[in-house]
Structure formats: structure tokens, C-alpha cells
1. Between 17, 95, 47, find the one with the highest GNM mean-square fluctuation for the chain; connect C-alpha pairs within less than 10 Å.
2. Calculate the FRET efficiency for residue 39 and residue 1 from the Cβ-Cβ distance with a Förster distance of 25 Å, rounded to the nearest 0.05.
3. Connecting C-alpha atoms closer than 10 Å in a GNM of the chain, tell me which of 94, 105, 27 has the biggest fluctuation.
4. Given the options 83, 98, 42, state which has the largest fluctuation in a GNM of the chain using a 10 Å cut-off (strictly under) for Cα springs.
5. Using alpha-carbon pairs under 8 Å, 6+ residues apart, how would you state the relative contact order of the stretch 2-120 in percent?
6. On a 0 to 90° scale, report how tilted helix 2-19 is relative to the longest principal axis of the chain, with both axes built from alpha carbons and the result rounded to the nearest 10.
7. At 10 °C and a viscosity of 1.306 mPa s, what translational diffusion coefficient does Stokes-Einstein give for the stretch 24-92, taking Rh as the Kirkwood radius over Cα pairs? Give it in µm²/s as a whole number.
8. Show me, bin by bin at 5 Å from 0, the whole-percent P(r) of the chain based on Cα pairs.
């Protein structure tokens with residue numbers, strides 16, 4: 001059951017990203033979450049708020065009819081922690097990414113993303 005719950009969090013992350021639902025996307029992350037990775041050659045070390053605000057600041061991929069696709073390529077749950085990997089193509093029309101997530105079940109029993117590490121591929 002926990003694996004299905006974590007899978008749903010990641011699938012909702014994918015949907016929120018595609019549809020530009022920044023408020024929902026922001027809720028997927030723990031308030032102390034971190035985000036880092038490479039967009040091309042640029043190293044980004046930040047919080048998820050940078051990503052969320054980028055999504056908020058432009059028309060959604062859905063509105064742009066971007067050929068965006070995301071696939072969960074790995075998902076593992078061990079007790080109250082989990083990890084997942086997604087492969088995205090057509091991110092805002094042209095970028096392909098691989099994203100690694102760590103999730104934790106918080107003290108209220110809710111799963112949240114605590115870290116995102118990404119790279120363009």
C-alpha cells in the first residue's frame with residue numbers, strides 16, 4: 001500500500017508539472033526540502049521554490065501543447081522512506097531530464113519529497 005501512495009505522489013508531481021499547478025507542486029515538497037542538479041552545464045543548488053516559481057512564471061506545458069512525457073523508471077519504499085526516479089522528455093518542449101527523488105513519511109503520516117536531484121540527458 002505504501003508503494004501505491006508514493007507512486008501517486010510522484011504521478012501527481014508529474015501532472016502538476018505538466019499542467020503548471022505550482023501551488024499543488026509546492027505542497028508535494030517538505031518545507032525543508034532541497035533541490036540540486038544540472039540544467040545543461042549550469043549547476044543549480046537551491047530549494048524547490050526555484051523550480052515551483054519557474055513553473056508558476058510561464059504558460060504550462062499543457063497550454064503550450066508540448067510533447068511532454070514522464071515515466072517512473074524506479075520506485076522503492078523501505079519503511080518510512082522512499083526513492084523514485086523519473087525520466088522526462090519534452091520538458092517545456094525541448095529538454096530531457098532524469099530526476100531522482102527521496103521521500104519521507106512525515107509525523108502526520110503524509111509522504112513528501114525531501115530532495116530532488118536532476119540532470120539533463
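No value in this document is a laboratory result; all are computed from the given coordinates. Fair warning: this is a prediction, and the values are worked out from it, not measured in the lab. Heads up, the Cβs are rebuilt from the backbone with ideal geometry, glycines too, and the neighbour counts pull from every protein chain shown.
1. It is 95.
2. Computed FRET efficiency for residue 39 and residue 1: 0.10.
3. Residue with maximal mean-square fluctuation among 94, 105, 27: 94.
4. Among 83, 98, 42, the largest GNM mean-square fluctuation belongs to 42.
5. Working: 223 pairs, mean separation 31.5, N = 119.
Reported as a whole number, the value is 26 percent.
6. 20
7. Working: Rh = 14.1 Å.
In µm²/s, the coefficient rounds to 113.
8. 2, 12, 22, 26, 22, 11, 4, 1
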